[in-house]
Each structure stands twice: as C-alpha cells, then as structure tokens.
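Taken together, the values in this text are just the output of simple stated rules run on the coordinates, not laboratory data. None of these values were measured; they are calculated from a predicted model. Cβ: placed from backbone, ideal geometry, glycine included. Neighbour counts: every protein chain shown.
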Amino acid sequence: MVRSGAFLHGIKTRNPLLLRENSRSQAYFGGRNRKDVLANWEHIDAEIVTGMLASSLYELGLVSAGYQSEAPTNHESTETRNPDAFQFTELAAQVMWDQNTEKQEASSNARTLIVQPNFELMLLQPDYPTLYKLLPFTKVEQIEMVSRLTLTQESVRRGVEAGVGVEQIIRTLQMYSQKELPQNVLYTLQDWGRLYKDATISQIILLEVSSEAIADEICASPKLRSLEMRRLGPCAITVGGQVSLQVLRTTLEKEGVILHIQGDILNAREFTSATATSGYGRRR
C-alpha cells in the first residue's frame, strides 16, 4: 500500500509539470507562471493526480484505494474525497510492468481453466489473458480470485455473432483447459455449431455502362483505382463496398461520368442497422 502523500511528493520532486508537459500554452514555461504552478501544486495538480487514482485507474481495475476514515454516509453531502493511500492490483502488475521471462513462460504453461460437465468454467487464479479469451462466448457469474463463467446456448450464439466460431470456441477451451473437455460439453458445442451458420453480408454498387469501350476506359483509369472496381461483364462493373455513394459520384463526375441511380441504396449506418435486426443477426 502506497501513501498518497509520499507518492505525490515524489512526483513534485521529480517532475512537477507532469500534467502540463504537452500543453500547447507557452505560459506554463514562463518563470512566474512556473512559480505559481508550484505554489499551488498541492491544491491543483496533486488533486488531479489523486483523483485519477480514485476514478479512471480504479474503474479500470488497476488500483485499489484506501481511506483513513469512512466516507460520509449523508446523501445530501456533495463533498468528494480523494484516497489517502492506494495499491496496484494484480491486473496492473500484468499490464504495466514487464515480468521475468521465465515466470511468463511458466505462467503460460500453467493452465488455470477447468471445464466441468455442467458447463461451468472455473479459473483457479487471476488469469486475465485467459479470462479475456473466454469472455466473448461465456456468461460471467463471478470475477474474483477464483472466477466462474458458464457456457450457454445464448452466450455461444453471442460469440458467433462477434466472429468467434464454434470450432474456435472449442479450440480455445482445449488450449487453456487443464484436462480434456467433458464429452457432453464437446458434443453439445458441436450441436450448437450446426444450429448457427456463420455468414457475412456485404453491399456492393453495380455500375452498368452503355458500351464495352466505356467500361474499358473506366477500369483502366488510374484516377479511379481507389474505387476498387471489378469487371463483372462487358458493360458491368462493381465498386468496393467501403466506397460511399457520395465519393463515387464525385470521383466519377470528375472523369465526365454522370450517374443515374436506380432503387434504394443504403448508407453504411442504415445497412448496419438493417443487418443487425434481420435474418441471422436478429435477437430472440
């Protein structure tokens, strides 16, 4: 546990302008303003740094905060308190500091996952790399020293929708599990995999021109390569799905090509909304 006062004293001693180094204002580098900053450092900069410990870093799970006395229970009080002490968590140790290579290798070889026949997954110790691999396709029950998650049909469906196929789910479980997967879990996952077929929907724009010569000219133009065109037939050309209608119109009109639009063409936001609420992507 680190006392906030000692931590702030170290910052002020080593780099008191830590929060202001990248400021575009040149006023901070003037002598008088520097003196003003240092004179008020405990009331401004120190409070900001300590506030980050109690808010952003705490919410990310990187630190735990400590207080000398309990926070006021009066709901009418608007007073906010910064912590008097803090401690880095196991997650912070993994993501903020380099670990010894041998320890990393030993950790990577030590499998912490147990897959039970009742579809419950248990991580026997804080193992965040493995946990993050499991989150896309599991239901979280408990995240603590020993974490518990559950495989359900809905959680597996959510994983497939996020791009994690059932075969990949099985490989992930086999890679991190201490033992072979229970046969009923393996067979059930395979059954669910047969229910959920993964497919990708994309929208293309089709250009139809009046002659093959015009199609040749459009496809050969260096100025139109950014449109990712592909020839489908003598007078038919497709345009890359990432090209907006407005960009297509502007680019072609500069080359003397006038567009005539037939039917309804969705923009990217409309198309994403339509695919999320129809067919395979519909939530039940």
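Show me 252-261, 129-138 ranked by packing, highest mean number of other Cβ atoms within 10 Å first.
Output ranking for 252-261, 129-138: 129-138, 252-261.
Provide the FRET efficiency to the nearest 0.05 for the Met175-Lys254 pair, computing r from the beta carbons and using R0 = 45 Å.
After rounding, the FRET efficiency stands at 0.30.
Enumerate the whole-percent occupancy of each 5 Å bin, from 0 to the last occupied one, for all C-alpha pair distances of region 104-195.
Answer for region 104-195: a P(r) of 3, 14, 27, 27, 18, 8, 2, 0 percent.
Among 172-184, 41-53, what's the highest-first ranking by average C-beta atoms within 10 angstrom per residue?
Top of the packing list down: 41-53, 172-184.
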